[in-house]
1. Please tell me if B:Ala93 is within 11 Å of chain A (Cβ to nearest Cβ) and within 15 Å of B:Pro25 (Cβ to Cβ).
2. Look at B:Ser87 and say whether it is open to solvent by less than 60 Å² (accessible area, probe 1.4 Å), modelled with pLDDT under 95 and among the hydroxyl-bearing types (Ser, Thr, Tyr).
3. Return yes when A:Lys98 is modelled with pLDDT under 95 and within 14 Å of chain B (Cβ to nearest Cβ) and no when it is not.
4. Select from the range B:41-58 the residues that are facing chain A (nearest Cβ under 8 Å) and in a loop (DSSP other than H, G, I, E, B) and list them in ascending order.
5. When the range A:69-103 is examined, which residues are found to be outside any strand (DSSP E or B) and either open to solvent by less than 10 Å² (accessible area, probe 1.4 Å) or aliphatic (A, V, I, L, M) (or both)?
6. I'd like to verify a number: residues in the range B:2-31 that are open to solvent by 50 Å² or more (accessible area, probe 1.4 Å) and either in contact with a helix residue (DSSP H, G or I) (Cβ under 9 Å, 6 or more places away or on another chain) or among the hydrophobic types (A, V, I, L, M, F, W, C) (or both), how many?
7. Of the residues B:Ser66, B:Ser27, B:Ser94, B:Ser62, which single one is without any contact (Cβ under 8 Å) to a residue 12 or more places away in the chain and not in a helix (DSSP H, G or I)?
8. Assess whether A:Ser49 counts as being more than 14 Å from chain B (Cβ to nearest Cβ), in a strand (DSSP E or B), open to solvent by less than 80 Å² (accessible area, probe 1.4 Å) and not hydrophobic (A, V, I, L, M, F, W, C).
Amino acid sequence: DQQVKQNSPSLSVQEGRISILNCDYTNSMFDYFLWYKKYPAEGPTFLISISSIKDKNEDGRFTVFLNKSAKHLSLHIVPSQPGDSAVYFCAVNFGNEKLTFGTGTRLTIIP
Amino acid sequence: GAGVSQSPSNKVTEKGKDVELRCDPISGHTALYWYRQSLGQGLEFLIYFQGNSAPDKSGLPSDRFSAERTGGSVSTLTIQRTQQEDSAVYLCASSLSRGLAGVNEQFFGPGTRLTVL
């Protein structure tokens, strides 16, 4: 039973354009939603998060949107840069400390 | 400041052997987690330590897997009688306890790539 789904395993975007990464979840009780970025041979690094009481959080080029009625989370990167090429994981947090991760989306920025 | 470190970075072993993977969390972080990422899969939770509390072992796939955390710091993940399906990248993360509220930002190590032949 996958509680967090990233249905697009890969995405290619032209440099300078907007990248939109999507994530769906099943449990409406999740209270925090996070995005992690992973380069090859490195551990994931935290990117941005959003509380369930908000619907948008922005940090520089990165914005996370939360649609609770649709149980949908998205990450917007604009403008996209070559260094953004990585695998992006969404993760959810509920009550306790452990995170449940999606399967990841490989983003490739085309120069 | 030092981040989360893991050793070894790569481990190749033969089926049936035991392996030990080590994690050094960030100093002062009370919570420590083990995850694994199999080829083409997301991060799968294995086990979680929080301070002196009993660990949450709900993600361990079988009784061949065990982990301990000594002195509230270093952790060792042990896999006994390894199988080929154990091949994966094993990731350790640590965090400050988020207390009553707040986001649980976990800091990950680089992982140990385990290959079971």
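The values are calculated or read from the model by the stated rules, or taken from the named source; none is laboratory data. Everything quoted here is computed from the prediction, not taken from an experiment. Please note: Cβ atoms are built from the backbone with ideal geometry, for glycine as well, and neighbour counts cover all protein chains shown. Areas reflect the complete protein model, heavy atoms only, side chains present, ligands, DNA and RNA absent. Shrake-Rupley method; radii C 1.70, N 1.55, O 1.52, S 1.80 Å.
1. When the stated conditions are applied, B:Ala93 passes them.
2. Considered against the rule, which asks whether it is open to solvent by less than 60 Å² (accessible area, probe 1.4 Å), modelled with pLDDT under 95 and among the hydroxyl-bearing types (Ser, Thr, Tyr), B:Ser87 comes out as no.
3. Yes: the conditions hold for A:Lys98.
4. Within the range B:41-58, B:Gln41, B:Gly42 meet the criteria.
5. Correct list: A:Ala70, A:Val78, A:Ser80, A:Asp84, A:Gly102.
6. Of the residues in the range B:2-31, 4 are open to solvent by 50 Å² or more (accessible area, probe 1.4 Å) and either in contact with a helix residue (DSSP H, G or I) (Cβ under 9 Å, 6 or more places away or on another chain) or among the hydrophobic types (A, V, I, L, M, F, W, C) (or both).
7. B:Ser62 is the lone residue from the list that is without any contact (Cβ under 8 Å) to a residue 12 or more places away in the chain and not in a helix (DSSP H, G or I).
8. Taking the combined requirement at face value, the residue does not satisfy it.
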